[in-house]
Amino acid sequence: MAEKVLSVKNLITAFRIDKKEYPVLRDISFDIYENETVCMVGESGCGKSVTTLSIMGLLPENAVVQQGEIELCGEIISGKSQKELNKVRGSKMGMIFQEPMTSLNPLLTIGHQLTEGLIRHKGMSKKEAYATAVQYLELVGIANAESRMKQYPFQLSGGLRQRVMIAMVMSMQPKLLIADEPTTALDVTIQKQVLILLNKLKKTMNTGVLFITHDLGVVAEIADRVIVLYSGTKVEEGSAKQIFENNMHPYTQGLLAAVPNVDKDDFEIKAIPGTFPAITETIVGCRFHPRCPYATDRCRSEIPQAIEYEKGHFVACHKVEEENKC
Ligand SMILES: Nc1ncnc2c1ncn2[C@@H]1O[C@H](COP(=O)(O)OP(=O)(O)OP(=O)(O)O)[C@@H](O)[C@H]1O
Ligand SMILES: [Mg+2]
């Protein structure tokens with residue numbers, strides 16, 4: 001039985017704007033197991049990054065966690081102080097951002113940055129840390145690793161910097177790896193190499209991966225399971241097969257229909273009509289109802305709860321519930 005690495009329970013994260021609190025994540029729950037990649041998808045502003053920052057304990061100052069619990073390898077980490085979280089962040093969970101310079105210090109050599117965490121968190125000697133760092137640079141496909149150790153981030157291309165960041169995070173052998181749009185800024189060939197690399201590292205180290213992306217092509221390639229977010233709500237969750245072949249929520253269907261179908265020689269993009277709601281906007285009932293072609297009075301008044309229709313396949317939609325009534 002695979003071990004549960006992360007458990008997010010009933011998370012509500014809000015932002016304080018003009019002394020009022022507006023929820024951005026509205027009661028989100030999900031789990032991640034070892035050796036699996038869970039992709040989180042949804043339009044810009046739906047709360048993907050806020051989810052990752054809530055887990056890492058890296059939310060901005062005007063954010064408030066109103067409710068919920070986050071468990072990492074059986075230990076509750078929500079509510080811990082930054083000092084306590086620093087230890088967990090260094091050792092048990094790691095994060096790869098879209099822009100590698102978010103994590104790399106421009107003033108320190110690659111070698112310094114790679115060995116620092118190994119010495120501090122893994123208790124390695126300088127010599128051991130150096131050898132381990134070189135080994136991980138080689139593992140992520142960086143040639144002349146020893147000479148790269150002496151260089152500064154600005155001396156490396158964007159793709160190489162991203163690899164260095166992956167090497168840095170993976171050398172800590174985290175149980176949970178969070179990657180927020182890690183390949184969006186890279187060109188297609190390098191993107192592909194990074195994805196292959198992450199997959200290899202996941203398998204060899206049994207890591208649980210939370211992967212955030214806009215790109216459904218990437219999701220199809222790497223996801224074991226998929227979580228679809230809409231305006232801070234989990235509208236559908238399932239295995240990659242369930243989401244791509246048997247999706248049920250009208251939003252998931254719209255999202256997938258927005259991808260041009262190359263196989264059918266049909267490049268028409270069916271965008272989802274309407275606009276994405278601002279966090280300050282009050283919507284009664286289902287958050288998606290103003291854009292949903294199937295909305296009924298029930299959708300306009302009652303928030304749909306997630307129901308499990310097949311094993312591991314959850315959907316929060318009144319229409320789906322009514323159609324599947326016995
Ligand atoms: N510091 C902040 N103060 C106020 N609101 C914020 C802040 N950071 C994010 N938000 C709001 O929270 C919501 C979710 O933002 P988030 O960054 O999680 O979106 P996202 O799904 O990651 O989008 P993208 O795909 O563009 O990265 C957005 O409506 C955003 O405007
Ligand atoms: Mg984001």
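Bear in mind that the values in this text are calculations on the coordinates, not laboratory data. Just so it is clear, the structure is predicted and the values come from calculations on it, not from any experiment. Glycine gets a Cβ as well: all are built from the backbone with ideal geometry, and neighbour counts include every protein chain shown.
Summary table below
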| item | result |
| --- | --- |
| FRET efficiency for ILE307 and THR280, using Cβ-Cβ distance with R0 set to 35 Å, rounded to 0.05 | 0.75 |
| Under Karplus coefficients 6.51, -1.76 and 1.60, residue-wise ³J(HN,Hα) of the range 133-150 in Hz, glycine/proline x | 4, 4, 4, 6, 5, 5, 4, 8, x, 8, 6, 6, 4, 5, 6, 4, 4, 8 |
| Rg/Rh for the chain, where both radii come from Cα atoms and Rh is the Kirkwood radius | 0.99 |
| Virtual spin-label span in nm between LYS4 and TYR152, 7 Å along Cα→Cβ | 4.7 nm |
| Fraction of antiparallel bridges per DSSP, the chain only, in percent to nearest 5 | 65 percent |
| Links that overshoot a 19 Å alpha carbon limit, given the list LYS234/LYS311; LYS175/LYS311; LYS9/LYS234; LYS83/LYS122; LYS122/LYS203; LYS175/LYS202 | LYS175/LYS311; LYS122/LYS203 |
| Value of relative contact order over the chain, rounded to a whole percent, pairs C-alpha under 8 Å and six or more apart | 20 percent |
| Rounded to the nearest 20 debye, dipole of the chain from Cβ charges on Lys, Arg, Asp, Glu | 1160 debye |
| Cα pair distances exceeding 15 angstrom across the range 16-83, given as percent | 60 percent |
| Ascending count of other beta-carbon atoms within 10 Å, so fewest first, for GLU3, GLU181 | GLU3, GLU181 |
| Mean Cβ neighbour count within 10 Å, used as a protection proxy, ranking 59-67, 207-215, 245-253 highest first | 207-215, 245-253, 59-67 |
| More than 22 Å apart - percent of Cα-Cα pairs taken over the range 184-326 | 48 percent |
| Under-5 Å amide H pairs with GLY68, H placed in peptide plane, nonlocal only | ILE12 |
| Helix 110-122 axis, angle to the chain major axis (alpha carbon atoms, nearest 10°) | 80 degrees |
| Cβ-defined net charge surrounding GLY79, 12 Å radius [Lys, Arg +1; Asp, Glu -1] | -3 |
| Set of lysines near LYS126 by C-alpha distance (under 23 Å), chain-local residues within fewer than 8 positions excluded | LYS87, LYS92, LYS150 |
| Over the range 1-141 - Rg/Rh using Cα atoms and the Kirkwood inverse-distance radius | 1.01 |
